[in-house]
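A.B. asks: Attaching a single structure in structure tokens format; questions to follow.
The values are calculated or read from the model by the stated rules, or taken from the named source; none is laboratory data. Only a predicted model underlies this, so the values are computations on that prediction, with no experimental measurement involved. Note that each Cβ is placed from the backbone with ideal geometry, even for glycine, and that neighbours are counted across all protein chains shown. Remember, those area values only see protein heavy atoms, side chains included, never the ligands or the DNA or RNA. Shrake-Rupley method; radii C 1.70, N 1.55, O 1.52, S 1.80 Å.
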Amino acid sequence: MILRDSENSGTFKDVWVLAEFAGGKVHKVTYELLGAAKKLSDKLLRKKSRVVCLVLGEGAGTKAEKFFHYCADVVITVDDSSLKTFNDTVYASVISRLVKKYKPEILISGATSRGRSIMPRVAVLVETGLTADCTGLNIEEGTGLLLQTRPAYGGNIIATIKCEHHRPQMSTVRQGVFKAPVPDNSGTGEVIEEIVLEAEKKTRISVIEESFGEDKGINLSDADIIVTGGRGVKGPKGFDMIAELAQALKGAVGASRAAVDSGWISYTHQVGQTGRTVQPKIYIACGVSGQIQHLTGMQSSGFIIAINKDAEAPIMKLADVAVVGDLFEVIPEIIKLLKSG
Amino acid sequence: MKIVVCVKQVPGTTNVSIDPETKRLIREGVEIVMNPFDAYALEEGVLLCEKHGGEVIALSMGPKHAELTLREALAYGADRVILLNDRALGGSDTFATSYTLSQAIRKIGDVDLVICGKQAIDGDTAQVGPGIAAHLGWPQAAYVSGLIKSDDSGLTVERMHEAGNDTCVIKLPAVLTVLKDINTPRMPALKRRLSSGKAEIPVWSASFIKADTAKTGLNGSPTRVVTTRKPAARDKHTIVLNGNAAGSASKLVKILRSRIKL
Ligand SMILES: Cc1cc2nc3c(=O)[nH]c(=O)nc-3n(C[C@H](O)[C@H](O)[C@H](O)COP(=O)(O)OP(=O)(O)OC[C@H]3O[C@@H](n4cnc5c(N)ncnc54)[C@H](O)[C@@H]3O)c2cc1C
Ligand SMILES: Nc1ncnc2c1ncn2[C@@H]1O[C@H](COP(=O)(O)O)[C@@H](O)[C@H]1O
């Protein structure tokens with residue numbers, strides 16, 4: 001929606017957060033974003049902005065209460081069986097209609113694969129801009145505009161982006177950027193019930209099967225600790241050892257592309273430019289050389305440990321702790337120590 | 001099947017620098033390649049056409065030298081290519097880019113399927129594919145990791161998300177964005193390589209695709225980059241452990257225990 005004059009900019013207010021569910025559970029990025037939305041709305045002084053949580057899904061009607069404990073002033077629920085599975089087309093049609101109806105100033109979602117597939121569709125349907133995969137949001141003093149900060153070029157450039165003349169200002173936001181607020185169990189607010197229109201249910205795509213966590217263990221984007229194996233792990237058996245270390249640390253298993261391409265482990269585990277971008281508290285790279293395409297996927301991790309035979313490997317320069325040695329000797333020792341408590 | 005594959009030319013490295021004065025990326029001396037994800041999109045298009053017949057059209061919007069990327073697409077198996085190049089298209093964000101590409105797809109006509117890469121490695125947005133789908137009013141499947149079944153009426157695909165996979169049935173026309181594990185792109189045959197070097201590259205203008213220039217280029221882009229900077233260098237010195245395995249392991253475990261509860 002284009003702002004044609006400053007007068008009609010006043011009709012846009014409120015900060016909306018699109019709630020995300022995974023396997024029926026609230027995705028934790030939702031709480032983080034509600035906390036961020038609260039801060040943003042406090043800064044939108046002249047607008048008396050509220051934090052609005054948008055909850056779509058079958059059974060959404062019963063899920064409103066919880067979001068009031070995490071800063072939401074209003075929860076809009078759309079509870080319909082057509083939203084049981086994640087059908088981008090239906091979701092985007094409903095959301096864009098509600099956006100046109102209520103005119104939020106800002107709309108944010110998690111930069112998850114779902115958020116990043118639904119939000120570009122919504123942005124086009126309502127004719128506004130969208131900034132992908134943000135790692136910072138703020139309100140510019142004076143203009144009250146949303147400043148959206150994001151990495152590009154695999155994290156080698158940090159750009160700040162504005163959407164001046166279109167509303168809502170939309171972004172997808174990376175998980176772990178904002179802290180989830182401490183829940184306030186006394187929080188309450190207004191619930192607005194909306195529906196899915198018949199016309200919106202007619203789509204040419206149907207999701208026939210959904211699976212969650214078929215890959216056992218903790219998934220990469222949620223993990224505080226990731227243990228990654230590269231070509232130095234030498235084969236699937238080596239990954240059993242990597243998995244054992246990850247398990248001892250309650251972490252997840254990552255892999256370099258070389259390991260994935262060799263067929264030692266599935267692509268779901270790949271970290272890097274053509275895999276996932278991760279930001280755990282601790283990243284342990286075992287037998288990974290640290291080519292730029294790998295580094296772009298993990299260099300913003302909190303603390304980096306590298307285990308490599310080659311003291312000169314690029315990963316060793318990036319690392320906080322560089323263990324020079326044979327991973328087949330070092331890792332069993334680590335596991336032994338961890339298990340002995 | 002008439003399949004359009006969107007290919008973008010990108011710098012061959014993500015290790016780019018910014019000109020301190022103009023605040024723009026330094027493009028000189030940076031090798032230009034086809035966005036790596038787009039090679040998988042192209043291969044999938046070629047595979048589908050080998051099975052069902054039809055043609056693969058590689059489509060790119062960009063400066064004149066994006067021709068090189070389209071020649072690469074021809075070498076990798078595209079039947080024909082189109083370059084969208086016009087002054088009115090410069091400075092496009094993902095809204096304007098997806099609008100412009102969707103207008104070209106309308107102009108091509110009777111397209112059954114559009115395949116994009118998951119994301120371009122320069123902007124890393126992953127927004128253009130779903131944007132095209134929205135502009136055309138077509139269904140989309142993003143982050144597709146496998147094609148399970150295909151016939152002229154539709155596709156069964158597997159989409160990847162953080163915690164697992166979905167299987168979807170999608171009727172054509174539709175838009176897919178694909179991940180690298182969907183296939184293994186073939187090496188181009190020498191003959192194709194040679195002929196692609198000589199091929200004529202058709203260039204289409206904004207008016208030819210009936211693009212509304214209020215929605216293209218810098219003017220038609222809702223978002224603006226206001227500043228760019230290099231990320232702060234990691235502030236640390238590396239602790240090197242290079243003793244025997246048992247010694248290193250015990251020091252490392254101490255460090256781990258000091259940072260997390262185990
Ligand atoms: C377009 C493009 C996209 C790419 N995307 C990605 C991506 O998303 N993710 C990614 O990871 N890569 C990606 N790559 C590939 C990347 O360039 C590297 O090839 C890859 O990361 C190398 O993986 P590696 O470090 O496991 O293997 P290598 O580079 O072979 O390194 C193996 C390391 O293991 C060490 N080692 C060997 N044996 C032992 C031992 N017993 N004990 C300890 N150390 C040992 C060696 O010293 C070496 O440093 C991409 C490449 C391109 C061109
Ligand atoms: N200028 C462009 N020309 C052709 N295709 C593009 C262009 N920009 C993006 N794409 C396509 O959209 C995908 C996602 O790009 P992006 O949204 O920029 O990350 C790419 O992999 C391409 O398939």
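A.B. asks: Rounded to the nearest 100 Å², what's the accessible area chains A and B bury against each other, both chains counted, probe 1.4 Å? Don't skip to the answer; put the middle values down first.
C.D. replies: Numbers: alone 17030 and 15340 Å², together 25230 Å².
Roughly 7100 Å².
A.B. asks: Choose one of A:GLY61, A:PRO120, A:VAL227: the residue whose Cα lies farthest towards the positive end of the charge dipole of the protein assembly as shown (beta-carbon charges +1 Lys, Arg; -1 Asp, Glu; about the Cα centre).
C.D. replies: A:VAL227
A.B. asks: Shifting gears a bit: Which FRET efficiency value, to the nearest 0.05, is calculated for B:ILE148 and B:LEU68 with the Förster distance at 35 angstrom and r the Cβ-Cβ distance? Walk me through the numbers before you get to the answer.
C.D. replies: Working: r = 34 Å, r/R0 = 0.98.
The computed FRET efficiency comes out at 0.50.
A.B. asks: Hey, how many Å between the Cα centroid of segment A:1-70 and the Cα centroid of segment A:117-165?
C.D. replies: 16
A.B. asks: On to the next question. Can you tell me what the convex hull of the Cα atoms of segment A:2-73 projects to on average, as an area in nm²? Before the final figure, lay out the partial values.
C.D. replies: Details: hull surface 22.7 nm².
That works out to 5.7 nm², a quarter of the Cα hull's surface.
A.B. asks: Using a 1.4 angstrom probe and counting only protein chains, how large is the accessible area of A:TRP16 in Å², to 10?
C.D. replies: Near enough 0 Å² of accessible area.
A.B. asks: With θ set to phi - 60° and the Karplus curve 6.51 cos²θ - 1.76 cosθ + 1.60, what are the ³J(HN,Hα) couplings of segment A:118-128 in order, to the nearest whole Hz, using x for Gly and Pro?
C.D. replies: Ordered by residue, 3J(HN,Hα) equals 8, 5, x, 5, 4, 4, 5, 5, 9, 6, 9 Hz.
A.B. asks: Using a/c under 1.5 as the rounded threshold, could you call segment B:110-213 rounded, prolate or oblate? The axes a ≥ b ≥ c are square roots of the C-alpha gyration tensor eigenvalues, and prolate needs a/b larger than b/c, oblate otherwise. List each step's numbers first, then the result.
C.D. replies: Working: a/c = 1.67, a/b = 1.24, b/c = 1.35.
It is oblate, given that a/c is not under 1.5 and a/b is not larger than b/c.
A.B. asks: Next up: How large a share of the accessible area of segment A:220-340, in percent, is made up of carbon and sulfur atoms when the probe is 1.4 Å and the other protein chains stay in place?
C.D. replies: On the way: 2300 of 4460 Å².
Accessible surface attributable to carbon and sulfur in segment A:220-340 totals 52 percent.
A.B. asks: Quantify how much of the Cα-Cα distance distribution of the protein assembly as shown extends past 33 Å, in percent.
C.D. replies: Numbers: 82536 of 181503 pairs.
Percent of Cα pairs beyond 33 Å in the protein assembly as shown: 45.
A.B. asks: Would you grab the residues whose amide H sits under 5 Å from the one on A:SER289? Only those 5+ places off in sequence or on another chain, please, with H modelled 1.01 Å from N.
C.D. replies: A:ARG231
A.B. asks: On average, how much accessible surface per residue is there in chain A, in Å², for a 1.4 Å probe, leaving out ligands, DNA and RNA?
C.D. replies: Numbers: 13500 Å² over 341 residues.
Heavy-atom SASA per residue in chain A reads 40 Å².
A.B. asks: Ignoring any ligand, DNA or RNA, what whole percent of the accessible area of segment A:6-201 comes from carbon and sulfur when the probe is 1.4 angstrom? Don't skip to the end; give the middle numbers.
C.D. replies: Numbers: 3710 of 7280 Å².
Here it works out to 51 percent.
A.B. asks: Rounded to the nearest 20 Debye, what is the dipole magnitude of segment A:220-340 about its Cα centre when Lys and Arg each give +1 and Asp and Glu each give -1 at the C-beta? Display every interim value, and only then the final one.
C.D. replies: Working: 11 positive and 11 negative charges, 28 e Å.
The dipole magnitude comes to about 140 debye.
A.B. asks: Using 7 Å Cα-to-Cβ label points, what is the B:ARG257/B:ILE26 separation (nm, one decimal)?
C.D. replies: 4.8
A.B. asks: Hey, another quick one. Do the sum for chain A: with -39,500 (n - 2.57) for every DSSP H run of n ≥ 4, divided by all residues, what is the mean residue ellipticity at 222 nm, to the nearest 500 deg cm²/dmol?
C.D. replies: Numbers: 11 runs with 98 residues, N = 341.
For chain A, the value works out to -8000 deg cm²/dmol.
A.B. asks: Quickly estimate the mean residue ellipticity at 222 nm for chain B, helices only: each DSSP H run with n ≥ 4 gives -39500 (n - 2.57), and the total goes over all residues, rounded to 500. All intermediate terms of the calculation are to be shown ahead of the outcome.
C.D. replies: Working: 6 runs with 74 residues, N = 262.
That calculation yields -9000 deg cm²/dmol at 222 nm.
A.B. asks: Taking the alpha carbon gyration tensor of chain A, what are the square roots of 5 times its eigenvalues, largest first, to the nearest whole Å?
C.D. replies: Values: eigenvalues 325, 96, 67 Å².
In descending order the semi-axes read 40, 22, 18 Å.
A.B. asks: Kirkwood Rh, segment B:2-215, all Cα pairs: how many Å? Spell out each step's value before the answer.
C.D. replies: Working: mean 1/r = 0.0572 Å⁻¹.
Here the Kirkwood hydrodynamic radius works out to 17.5 Å.
A.B. asks: Starting from the exponent 0.38 and prefactor 2.2 Å, build the expected Rg for segment A:6-201 from its residue count and divide its actual Cα Rg by it. Walk me through the numbers on the way to the answer.
C.D. replies: Values: Rg = 15.6 Å, N = 196, 2.2 N^0.38 = 16.3 Å.
Output field value: 0.95.
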